[in-house]
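The values are calculated or read from the model by the stated rules, or taken from the named source; none is laboratory data. Being a predicted model, the structure only gives us computed values, none of them experimental. All Cβ positions, even for glycine, are placed from backbone atoms using ideal geometry, and neighbour counts span all protein chains on display. Heavy atoms of the whole protein, side chains included, go into the accessibility calculation; ligands, DNA and RNA do not. Shrake-Rupley method; radii C 1.70, N 1.55, O 1.52, S 1.80 Å.
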Amino acid sequence: MPVHRPTVQANSVYEDRYLLGTAIARPCIARKQCEIAIAEGAGFVSHGATGKGNDQIRFEMAYYALSADLECVSPWRMPEFYKRFPGRVALLDFAKENNIPLGKVTKKDPWSMDANLMHISYESGILENPATHSPERLWQMTVSPEDAPDKAEIIEIDFKAGVPVKVTNKTDGSCMHAPVPQTRCALQHTRVRHTRGIGERKKERERERERERYKRERRGRGRGLKRASPSNSSNFVNGKMIK
């Protein structure tokens, strides 16, 4: 069974609002790393996750579950690495000095991006400030709703045992159904999301909710309420700030 299938079948969403597009990918990447490492007789695998987030756990638990003989190298937890590269600016400078291509990533747009068939996520730069909107130049898998067609497009998704197996476009009659249906369905759905301005805009809605929480927190300071971080939803219950 593909490692992502139970997640899709369960319609897993973290805290009822955060889609797991990036989280789903980590065990898939780790499994392929282990497969290649074992085939090549390698003794080590590595990942680029920092030492303060969830991704390091997703990678390393998968490594250890799949092969107890492989050792994990985690550069962001090695002092000799993070002292030399204390942040993204240092890494961007290193890449420039050594002619390492970074695509559209620059110091002005220093996005950290994770893309797969399911979605793309962004962080870093101005995105760390919940009071700012995402610039349209950032989007890769969607368009602004203002640029989307005014005419509706109707799609129908067929499921089997909780897994999408076919996507039918009722508007133009096209259909995606193949021996690897999950992949084909994801590609078709991504195309529709891109055309219709769906997908990455959800991230913007999440940021809007953070801005609203931040405003409520600022209003509450004068009433003796506990100060809360605008990006930490643990200080709120049902939209109300915890005293």
Accessible area of the range 52-185 with a 1.4 Å probe: how many percent of it is carbon plus sulfur? 55 percent
Just to confirm the filter: which trypsin sites (Lys or Arg not before Pro) across the range 1-45 are DSSP coil and have at most 10 other Cβ within 10 angstrom of their Cβ? none
Let me check something: with ligands and nucleic acids excluded, how do Ile24, Ile36 order by accessible area (1.4 Å probe), largest to smallest? Ile36, Ile24
Using only the alpha carbons of the range 47-115, determine the length spanned along each of the three principal axes and report them from longest to shortest in whole angstroms. 40, 29, 22
If you place +1 on the Cβ of every Lys and Arg, -1 on the Cβ of every Asp and Glu, and leave all else neutral, what size is the dipole of the range 1-115 about its Cα centre, to the nearest 20 Debye? 400 debye
Net charge near Gly53 (other residues with Cβ under 15 Å of its Cβ; Lys, Arg +1; Asp, Glu -1) is 0
